[in-house]
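Please read the structure below before turning to the comments.
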Amino acid sequence: MVLTQKETAALKDLQTQEQSCIEKYTRYSKEANDKVLKNLFENLSKEEQKHYDSLHQALNGQCPTNIDCNDSKGKDYQPKATYTSGDNSIAKQEDCFLATDCIGTEKLVSGEYNSDVFIFGDTNIRKLLADIQIEEQNHAEMLWKYKTVNGMN
């Protein structure tokens, strides 16, 4: 598989986005007050690392074949509540900020995948990018569910 200059640039840009997500989730896992949120951030960081690695493979001409565009991690995620709806503690406010910030990041990254998928002619890369986009949407859903169960809406 030979990539065009435009395809290569798009994959490298997406890798930069993934690296930023890895760093954000790693940092936020240390800043979060709630253990449930810490664990979610740690898991999301690992997922973003997988995205980064898959993009690296594609840049090297080897598109991953373990693509599951029907991922249900977001739908299946059921976090346990730590905070009550009436809790206005600083810890809850800080965790709410972290989760909300990450939802915004996931929206932006998902949008990048949605646009960039149309640059590629290779079906396997298109499927890879579509799969990653679904996973980014799932990340946002998981964060939203965390906020909802903790009365942060």
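The values are calculated or read from the model by the stated rules, or taken from the named source; none is laboratory data. These numbers come from a predicted model, not from an experiment. All Cβ positions, even for glycine, are placed from backbone atoms using ideal geometry, and neighbour counts span all protein chains on display. When the accessible area is computed, the model is the full protein with side chains, heavy atoms only, and any ligands, DNA or RNA have been set aside. Shrake-Rupley method; radii C 1.70, N 1.55, O 1.52, S 1.80 Å.
The solvent-accessible area of Ser85, taken with every protein chain present and a 1.4 Å probe, is close to 100 Å². The alpha-carbon of Lys73 sits under 18 angstrom from the alpha-carbons of these aspartates and glutamates, leaving out residues fewer than 8 places away in its chain: Glu42, Glu47, Glu48, Glu106, Asp131, Glu135, Glu136, Glu141.
The solvent-accessible area of Met1, taken with every protein chain present and a 1.4 Å probe, is close to 90 Å².
Would you please classify the overall shape of region 1-80 from the alpha carbon gyration tensor, given that a ≥ b ≥ c denote the square roots of the eigenvalues, rounded means a/c under 1.5, and beyond that prolate means a/b larger than b/c while oblate covers the rest? Oblate, since a/c reaches 1.5 and b/c is not below a/b. Charging the Cβ of each Asp and Glu at -1 and of each Lys and Arg at +1, and nothing else, the dipole of the chain about its Cα centre rounds to 260 debye.
Under a 5 Å amide H cut-off, with hydrogens placed 1.01 Å from N, Asn33 pairs with Asp95 among residues at least 5 apart or on other chains. Against the empirical curve 2.2 N^0.38 Å, the C-alpha radius of gyration of region 81-153 lands at a ratio of 1.42. Given a 1.4 Å probe and the protein chains as shown, Leu59 ends up with an accessible area of around 40 Å².
Computed on the Cα trace of region 22-153, the radius of gyration divided by the Kirkwood hydrodynamic radius gives Rg/Rh = 1.03. What angle do you read, to the nearest 10 degrees and between 0 and 90, between the alpha-carbon axis of helix 5-31 and the longest principal axis of the chain? The answer is roughly 20 degrees.
What region 46-94 shows is 67 Å² of accessible area per residue, with the surface traced by a 1.4 Å probe over protein heavy atoms. Here is the list for region 7-83: trypsin sites (Lys or Arg not before Pro) lying in DSSP coil, each with at most 11 other C-beta atoms within 10 angstrom of its C-beta, are Lys80.
For region 39-88, what % of the accessible area comes from carbon and sulfur atoms, probe 1.4 Å?
Looking at region 39-88 in its full context, I get 42 percent from C and S.
What is the helix-to-structure angle for 90-116, meaning the angle in degrees between its Cα long axis and the longest Cα principal axis of the chain, kept from 0 to 90 and rounded to the nearest 10? Between the helix axis and the principal axis of the chain, the angle is about 20 degrees.
Cross-link pairs exceeding 25 Å in C-alpha to C-alpha distance, out of Lys12/Lys35; Lys12/Lys38; Lys35/Lys127; Lys46/Lys75; Lys30/Lys127, comprise Lys12/Lys35; Lys12/Lys38; Lys35/Lys127; Lys30/Lys127.
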